[in-house]
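First the structure, in the form of structure tokens, and then the observations on it.
The values are calculated or read from the model by the stated rules, or taken from the named source; none is laboratory data. What you see is a predicted model, and the numbers here were worked out from it, not measured in a lab. Because the Cβ atoms are built from the backbone with ideal geometry, glycine has one as well, and the counts that use them run over all protein chains shown.
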Amino acid sequence: MTESAQHSVQLVEIGARNHQQRLDNFLLSQLKGVPKSRVYKLLRSGQVRVNKGRKKADYRLNQGDVVRIPPVRMAQADEGLAPASLLQQVNQSVIFEDADLLVLNKPAGLAVHSGSNVRFGVIEILRQARPDAEMLELVHRLDRETSGCLVIAKSRPALNQLHQHFRDDDSGMQKIYRAIVMGRWQGGEQLVDQPLLKNSLRGGERMVEINPQGKPARSLFTPLEYRDRLSLMEVKLFTGRTHQIRVHAQSLGHPVAGDRKYGDNPFNQQLREAGFKRMYLHASQLTFSLGQQRYDIHAPLDSEWQTLLGYL
């Protein structure tokens with residue numbers, strides 16, 4: 001990888017756009033191409049200063065703060081361009097937009113951000129597609145194999161309010177999913193109220209599991225269509241825990257179809273052999289408020305869902 005050097009100290013005054021942004025996130029946005037580990041090392045060593053003093057990574061910047069950014073080597077920006085096909089796919093996935101936010105119907109298989117084995121995520125592709133946008137920030141996450149509503153903030157006030165909505169289970173935000181699960185559902189709707197513990201090691205893999213020491217998690221499963229070997233479900237979330245629907249569905253004996261982490265391996269193998277290679281979990285509806293504005297966003301399912309229901 002070729003690198004360029006930023007040879008001099010930068011002093012950056014914080015404006016309204018970055019007011020209340022975390023210091024680490026601000027640095028990551030300023031030091032494109034620098035590994036996260038190096039950015040956090042700069043913070044720990046005191047080389048980054050705010051108003052001439054040390055600050056921790058979670059410090060919230062204020063308008064008028066002056067941030068000292070030390071010289072650092074970084075990757076050439078022109079190495080990280082996403083192909084035109086990905087730009088087109090993301091642009092065509094926008095289902096709602098106004099001055100404060102936009103919402104994508106995220107395709108399954110597309111990560112929300114880049115990572116160790118992912119060169120391009122939705123947010124990087126979107127920023128490349130819209131180079132003149134003042135701000136584009138992820139509000140929340142969806143698993144790579146989950147499709148549906150993904151909210152991107154276009155202003156700092158919207159980002160802060162939406163973060164609060166997703167953190168606070170009593171915020172009034174309504175999150176509804178669709179899932180195809182293994183087996184014929186028995187009975188009507190069922191509320192799962194089981195705490196979830198994150199990062200439990202099982203066979204060397206980090207998992208989420210039902211555990212009394214975990215955080216409260218509540219999911220309401222309602223059957224919509226039945227087949228002999230699978231069912232189409234609506235799932236309403238009252239909490240927002242990592243892999244919540246996937247683990248709760250597994251606990252009921254009806255794992256999500258195509259789920260390679262918590263699902264039924266022989267069933268998933270049969271689906272893959274028939275050409276159904278994705279996980280069938282979809283964030284179908286988000287309802288929330290920003291100030292006086294009420295949003296009710298619906299992300300439609302693609303035709304493959306009905307094809308799978310018909311196949312089995």
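So the values come out like this:
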| read-out | value |
| --- | --- |
| Pick from region 211-228, criterion touching a helix residue (DSSP H, G or I) at 6+ places or on another chain (Cβ under 8 Å) and modelled with pLDDT under 95, ranking: nearest to Leu162 (Cα to Cα) | Glu225 |
| In region 197-218, residue nearest to Cys149 (Cα to Cα) [restricted to those that are touching a Ser or Thr at 6+ places or on another chain (Cβ under 8 Å) and assigned to a strand (DSSP E or B)] | Arg218 |
| Residue list for region 219-247, filter: β-branched (Val, Ile, Thr) and part of a loop (DSSP other than H, G, I, E, B) | Thr239, Thr242 |
| Region 109-148, subset touching a Ser or Thr at 6+ places or on another chain (Cβ under 9 Å) and at pLDDT below 85, residue surrounded by the fewest Cβ atoms within 10 Å (Cβ to Cβ) | Glu134 |
| Any hit, region 228-236, residues being within 18 Å of the chain's Cα centre (by Cα), outside the structural domain of Ala16 (by TED's automatic domain parsing), on the phi > 0 side of the Ramachandran plot and not small (Gly, Ala, Ser) | no |
| Residue match in region 287-297 (condition: more than 22 Å from Asn105 (Cα to Cα), surrounded by fewer than 21 Cβ atoms within 10 Å (Cβ to Cβ) and of a type in the set (Val, Ile, Thr)) | no |
| Listing of strands (runs of 3 or more DSSP E) fully contained in region 11-100 that carry 2 or more residues being under 20 Å from Leu126 (Cβ atoms) and either outside the structural domain of Ala133 (by TED's automatic domain parsing) or under 20 Å from the mean Cα position of the chain (by Cα) (or both) | 94-97 |
| Condition check for Leu104: surrounded by 13 or more Cβ atoms within 10 Å (Cβ to Cβ), within 15 Å of the chain's Cα centre (by Cα) and not in a helix (DSSP H, G or I) | yes |
| Within region 270-292, tally of residues that are polar (S, T, N, Q) and touching a residue at least 60 places away in the same chain (Cβ under 8 Å) | 4 |
| Residue ID - farthest from Arg167 (Cα to Cα), chosen from residues in region 190-209 that are surrounded by fewer than 17 Cβ atoms within 10 Å (Cβ to Cβ) and modelled with pLDDT of 95 or more | Gln190 |
